[in-house]
Amino acid sequence: MSNPIIAALDVPTANEALTLAKAIAPAVGAFKIGKELFVAEGPDIVRRVRDTGAAVFLDLKFHDIPNTVAKAVTSAAHQDVQMLTVHASGGTAMLRAAQEAAGGNGPLVLGVTVLTSMDQQDLNELGIQKTPAEQVRHLAQLATAAGLRGLVCSPQEIAPLRGVLPAEVQLVTPGIRPAGIASGDQKRVMTPADAITAGADWLVIGRPIYAAENPREAAEAIRESLG
Ligand code: C5P
């Protein structure tokens, strides 16, 4: 497979992001730009990261009425991003509108199911009686039935989702830690190789790369660990 590593540019300024991106671009498959960097620096940071030649995953997790989400996806497509996220809990009409706006050649629209920060009690408070695992599966099936071709999921969700989703659905997985690296606030982690073996298509990796003493070497070591 081509390089499945998506390096999260979880830094607050364009300068830091571009220094990091230029250092590691040859060792990764794509960069993730999230809310912190995008809200601080705007679409210009997308253009400048794209200029390194790497693909961009714009992780803004859209969740709004269908018309608004469709327009946001269209704007992202104009910025030439390759992947973006929407909340699957926005419902079928919103998900369809997002996918239609992306079209066949636009960005891969990824559905976010249940945030990994949420537990059973959080779901119950929202009036949801399913377990988190059941709700993840429910929303994953809702999203793919609405036409989405990709989902973000935790390492533990890869195998169960692979069992119920069409094989062509791409799974993008954060919570990745190379053996021996601190897990930080990630509670359920998996090594890069194990996540790929379980069926992940893309690995979102933040601190193990950007907080490493030598981010380029860290990214290369992860790549090599994938065989
Ligand atoms: O530093 P670390 O490798 O934990 O970063 C993981 C990245 O993936 C961060 O940008 C984080 O926001 C994102 N993410 C996550 N868990 C989720 C969804 C997204 O860690 N469930």
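Quick notes
- Positions within the stretch 178-219 being under 24 Å from G150 (Cβ atoms), within 8 Å of the ligand (Cβ to nearest atom) and modelled with pLDDT under 95, in sequence order: Q186
- Cβ-Cβ distances below 8 Å connect the following pairs, each with a first residue in the stretch 106-125 that is on the phi < 0 side of the Ramachandran plot and surrounded by fewer than 17 Cβ atoms within 10 Å (Cβ to Cβ), a second residue that is part of a helix (DSSP H, G or I) and not acidic (D, E), and a separation of six or more residues or different chains: M118/P132; D119/P132; Q120/P132.
- Test: T13 is out of contact with any strand residue (DSSP E or B) (no Cβ under 6 Å at 6 or more places or on another chain) and over 26 Å from E217 (Cβ atoms): no
- Among residues of the stretch 143-188, those that are of a type outside the set (G, A, S) and over 18 Å from M118 (Cα atoms), counted: 18
- Residues (over 17 Å from A8 (Cβ atoms) and in contact with a helix residue (DSSP H, G or I) (Cβ under 8 Å, 6 or more places away or on another chain)) located in the stretch 192-219: A193, D194, A198, G199
- Qualifying residue in the stretch 84-103 (condition: surrounded by 16 or more Cβ atoms within 10 Å (Cβ to Cβ), among the β-branched types (V, I, T) and more than 24 Å from G29 (Cβ to Cβ)): no
- The condition of being of a type in the set (S, T, Y), modelled with pLDDT of 95 or more and under 19 Å from the mean Cα position of the chain (by Cα) holds for only one of S89, S2, that being S89.
The values are calculated or read from the model by the stated rules, or taken from the named source; none is laboratory data. Keep in mind that what you see is a predicted model, and the values were worked out from it rather than measured. Reconstructed Cβ throughout: ideal geometry from the backbone, glycine too, with neighbour counts over all protein chains shown.
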